[in-house]
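Before any comments, here is the structure.
The values are calculated or read from the model by the stated rules, or taken from the named source; none is laboratory data. Being a predicted model, the structure only gives us computed values, none of them experimental. Cβ atoms come from the backbone with ideal geometry, glycine included; neighbour counts cover every protein chain shown.
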Amino acid sequence: MKDVSFGQYYPVDSFSHRLDPRLKLIFLIAYIVAIFLASNFYGLALCAGLLVVIVVVSRIPFGKVLRAVRGVLFLVLFTAALNILFYNGETVYAAWWVFAITKEGLIFSAFLALRLVLLVVCSSMLTYTTTPVSLTDGVESLLTPLKWIKLPVHALALVMSIALRFIPILMDETERIKNAQKARGADFESGNLFKRVKAMVPILVPLLLSAFRRADELGDAMDARCYTGGNGRTKYKKLRFTWRDLVAFLAVAALITGVVLMKVYLPAPY
Amino acid sequence: MRIVAEHLSYVYNARSPFATAALKDVSLTIEEGEFFGIIGHTGSGKSTFVQHLNGLIRLPSSLKRYKKKKLKKGQLPPPETVLKVGDIDLGDKKTDFRALRKHVGMVFQYPEYQLFAETVKEDVAFGLKNFSKGLSDEETERAVKAAVEVVGLDYEALKDKSPFELSGGQKRRVAIAGVIVTRPEVLVLDEPAAGLDPLGKQEVMELLHKLHSEWCKTIVIVSHDMDEISENCTKAAVFSEGSVKFVLPPKELFRHADELTALGLDVPLTAKLCAALEKRGVSLDCDLTVNDFVEKVLARWVAQKKGDNA
């Protein structure tokens, strides 16, 4: 349980950590667009290259980044396997019943797998380098135009930041309750699926209750500090663009240009 | 059941930048029949230690330990870690940990937060049903009734109530009943009085003494409250930064008042007074409970009065 570090903020000081969270969010979207725009390995290589630069600059240990990939490893392998077996290619290496392993299939599944890995790594880079608080500030700021159509942007951002903040707390709580029930002889490891699901009840009920209790307490604490919502609320930390943001902007813009150019001038199939 | 731990170490998040040593070479023996206190500051390793006692934290197998550290020439092998509860060897991979947990009951901090069932009766019966499969309904009910009554609650009035309707103190009692219902030989409690008012604390401690004489042979409590330990325990171990500093009967603790203060622990009030009196040449042989202290001081005072009059 404790190993679920996917997406948790990694506290070091770096170029990437100091970027404006609004821009980081936009860059993430732009980067994902670039990944999907890329129609061949040249384009993806360009994306991967930029990502490597981002990882190096952010001073996040490489193992940590790989661990984010490990979380979706099953998904990546599963889609790759499906594509290898079912892709309709021309150069057939081996065939059996409805399955066929083809050269095109192998290349295509490698392409897809790389795309997925890049997707996961770039999104976890955002959460590794941005605290939940500044991420929420960024989201709130980006969504501000939606206030116009009466969307409670501030409340939404608050909900998001509380949810993020509570993930590790509830994780610890789960561990504690699990241990307490194990001490009373609960068995979570054996039995068929139905039995195992049923065995979760002694964990889920106390966990839910504790989530409600914490929500209540947090609500009271916010009331006690005169929280009244977003109207007229000022910010302690104002978001400002700096030279770093300009550099990052240029890099992402160059990436998109590069990917489009590769798409047009090097139209190799993968 | 005698509990023996030798050279026990434990590291949280091993092999990562967040690695923290929670236990460093802890050796401790808890004899059967003791009311044992474990005292220490937050992060002293006391909770980690007691979680070993019923296998919630496991020892790495001895094979792994030796492989990991290749010995240099002339270097002695590290001392063998031993952890035994009665005859059960917790270092053995084949140990049946569920059987162990039946003998070693564990009450966590704020145990009322582990209640989950629809009725008090069902909740208390949870552990019993897990450990003793094939028990008849009457036998189960009899055991549950006995456990609920020994913690001082009215079984008939509460058995069909939801545990969530009860008051805080009642919930904690129900949770304790849910652990002792299997009649464990060793009962471990992590901060059993945390979050209770002074009266509630006293009631919990009285309950533990009652359990100690008629229900569980050995009781181990973890606490950071010196007064709680000195009032109740037959022996106490002081933990600090993952190692055991002293193991003493509480009445000798005050002799280490300065060291305890240096470890950031408070000294029992009675111990402070004893130490102050000793400095002025009055030595009292008192067991540090408030009652005994008052009695001894009064006796001394009366004796002195008589001496003055004579």
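The condition of being touching a helix residue (DSSP H, G or I) at 6+ places or on another chain (Cβ under 7 Å), under 28 Å from A:Leu204 (Cα atoms) and in a helix (DSSP H, G or I) holds for only one of A:Ala80, A:Ala68, A:Ala163, A:Ala113, that being A:Ala68. Counting only helices (runs of 4 or more DSSP H) that sit wholly inside the range B:193-297, those with at least 2 residues that are assigned by TED's automatic domain parsing to the domain that holds B:Ala177 and of a type in the set (S, T, N, Q) are B:198-214, B:226-232.
Apart from one condition, A:Pro145 fits all of (1) more than 30 Å from A:Gly232 (Cα to Cα); (2) out of contact with any Asp or Glu (no Cβ under 9 Å at 6 or more places or on another chain); the exception is (1).
With the structure loaded, tell me whether A:Ala34 is among the hydrophobic types (A, V, I, L, M, F, W, C), surrounded by 20 or more Cβ atoms within 10 Å (Cβ to Cβ) and modelled with pLDDT under 85 or whether it fails that test. No: the conditions fail for A:Ala34.
Residues that are buried (at least 21 other Cβ atoms within 10 Å of the Cβ) and in contact with a Pro (Cβ under 8 Å, 6 or more places away or on another chain): does the range B:243-252 have at least one? Scanning the range B:243-252 turns up at least one residue that is buried (at least 21 other Cβ atoms within 10 Å of the Cβ) and in contact with a Pro (Cβ under 8 Å, 6 or more places away or on another chain). Among all positions in the range A:102-109, there is no residue which is in contact with a Leu (Cβ under 9 Å, 6 or more places away or on another chain) and within 30 Å of A:Arg176 (Cα to Cα). With respect to A:Ala199, determine if the residue is in contact with a strand residue (DSSP E or B) (Cβ under 7 Å, 6 or more places away or on another chain), within 14 Å of chain B (Cβ to nearest Cβ), modelled with pLDDT of 85 or more and surrounded by 16 or more Cβ atoms within 10 Å (Cβ to Cβ). Spelling it out, it is not the case that A:Ala199 is in contact with a strand residue (DSSP E or B) (Cβ under 7 Å, 6 or more places away or on another chain), within 14 Å of chain B (Cβ to nearest Cβ), modelled with pLDDT of 85 or more and surrounded by 16 or more Cβ atoms within 10 Å (Cβ to Cβ). The residues of the range B:79-107 that are within 14 Å of chain A (Cβ to nearest Cβ) and not in a helix (DSSP H, G or I), listed by number, are B:Val85, B:Asp96, B:Val104, B:Gly105, B:Met106, B:Val107.
Could you list all residues from the range A:127-174 that are within 15 Å of the chain's Cα centre (by Cα) and farther than 28 Å from A:Glu217 by Cβ? Across the range A:127-174, the qualifying residues are A:Tyr128, A:Thr129. Going residue by residue through the range B:174-188, is there one that turns out to be out of contact with any Lys or Arg (no Cβ under 8 Å at 6 or more places or on another chain), crowded, with 20+ Cβ neighbours inside 10 Å, without any contact (Cβ under 8 Å) to a residue 40 or more places away in the chain and part of a helix (DSSP H, G or I)? Within the range B:174-188, not a single residue is out of contact with any Lys or Arg (no Cβ under 8 Å at 6 or more places or on another chain), crowded, with 20+ Cβ neighbours inside 10 Å, without any contact (Cβ under 8 Å) to a residue 40 or more places away in the chain and part of a helix (DSSP H, G or I).
Here's the yes/no breakdown for (1) touching a strand residue (DSSP E or B) at 6+ places or on another chain (Cβ under 6 Å); (2) at the interface with another protein chain (Cβ under 10 Å from one of its Cβ atoms); (3) not aromatic (Phe, Trp, Tyr):
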residue	(1), (2), (3)
A:Ile203	no, yes, yes
A:Pro206	no, yes, yes
A:Arg213	no, yes, yes
A:Ala221	no, no, yes
A:Tyr236	no, no, no
A:Leu239	no, no, yes
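Among the residues of the range A:168-196, the ones that are touching a residue at least 24 places away in the same chain (Cβ under 8 Å), away from chain B (no Cβ under 11 Å) and not hydroxyl-bearing (Ser, Thr, Tyr) come to 4 in all. Consider the range B:15-35 and keep the residues that are within 14 Å of chain A (Cβ to nearest Cβ), farther than 16 Å from B:Val238 by Cα and out of contact with any Pro (no Cβ under 9 Å at 6 or more places or on another chain). The one that is modelled with the highest pLDDT is B:Thr20.
Is the range A:157-172 home to any residue that is touching a Lys or Arg at 6+ places or on another chain (Cβ under 6 Å) and modelled with pLDDT of 85 or more? The answer is no, given that none of the residues of the range A:157-172 is touching a Lys or Arg at 6+ places or on another chain (Cβ under 6 Å) and modelled with pLDDT of 85 or more.
Listed conditions (1) modelled with pLDDT of 90 or more; (2) in contact with a strand residue (DSSP E or B) (Cβ under 7 Å, 6 or more places away or on another chain) are all met by B:Phe246, apart from (1).
Confirm whether A:Ile162 is without any contact (Cβ under 8 Å) to a residue 60 or more places away in the chain, within 14 Å of chain B (Cβ to nearest Cβ), more than 25 Å from B:Glu122 (Cβ to Cβ) and β-branched (Val, Ile, Thr). For A:Ile162, the condition - without any contact (Cβ under 8 Å) to a residue 60 or more places away in the chain, within 14 Å of chain B (Cβ to nearest Cβ), more than 25 Å from B:Glu122 (Cβ to Cβ) and β-branched (Val, Ile, Thr) - is not met. Taking first residues from the range B:18-34 that are in the same structural domain as B:His103 (by TED's automatic domain parsing) and partners that are of a type in the set (D, E, K, R) and at pLDDT 85 or above, the Cβ contacts under 6 Å between residues at least 6 apart in sequence or on separate chains come to B:Ser27/B:Glu6; B:Glu31/B:Arg2; B:Glu32/B:Arg2; B:Glu32/B:Lys217; B:Gly33/B:Lys217; B:Glu34/B:Lys235. Return yes when B:Val120 is within 14 Å of chain A (Cβ to nearest Cβ) and of a type outside the set (Gly, Ala, Ser) and no when it is not. No; evaluated as a whole, the condition is false for this residue. Please tell me if A:Ser124 is over 30 Å from B:Arg58 (Cβ atoms), under 20 Å from the mean Cα position of the chain (by Cα), of a type outside the set (A, V, I, L, M) and at pLDDT 85 or above. Criteria met by A:Ser124. Among the residues here, A:Gly49 qualifies as within 17 Å of A:Ala253 (Cα to Cα) and assigned to a helix (DSSP H, G or I). Within the range B:113-151, the residues that satisfy the criterion of being β-branched (Val, Ile, Thr) and either over 19 Å from B:Cys216 (Cβ atoms) or touching a residue at least 40 places away in the same chain (Cβ under 8 Å) (or both) are B:Thr119, B:Val120, B:Val124, B:Thr140, B:Val150, B:Val151.
When B:Thr81, B:Thr140, B:Thr119, B:Thr95 are checked against the criterion of being surrounded by fewer than 22 Cβ atoms within 10 Å (Cβ to Cβ), touching a His at 6+ places or on another chain (Cβ under 6 Å) and not hydrophobic (A, V, I, L, M, F, W, C), B:Thr81 stands alone in meeting it.
Conditions tested, residue by residue: (1) within 14 Å of chain A (Cβ to nearest Cβ); (2) among the charged types (D, E, K, R); (3) touching a helix residue (DSSP H, G or I) at 6+ places or on another chain (Cβ under 7 Å); (4) under 25 Å from B:Phe36 (Cβ atoms).
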{"position": "B:Phe116", "(1), (2), (3), (4)": "yes, no, yes, no"}
{"position": "B:Glu141", "(1), (2), (3), (4)": "no, yes, no, no"}
{"position": "B:Asp154", "(1), (2), (3), (4)": "no, yes, no, no"}
{"position": "B:Glu206", "(1), (2), (3), (4)": "no, yes, no, yes"}
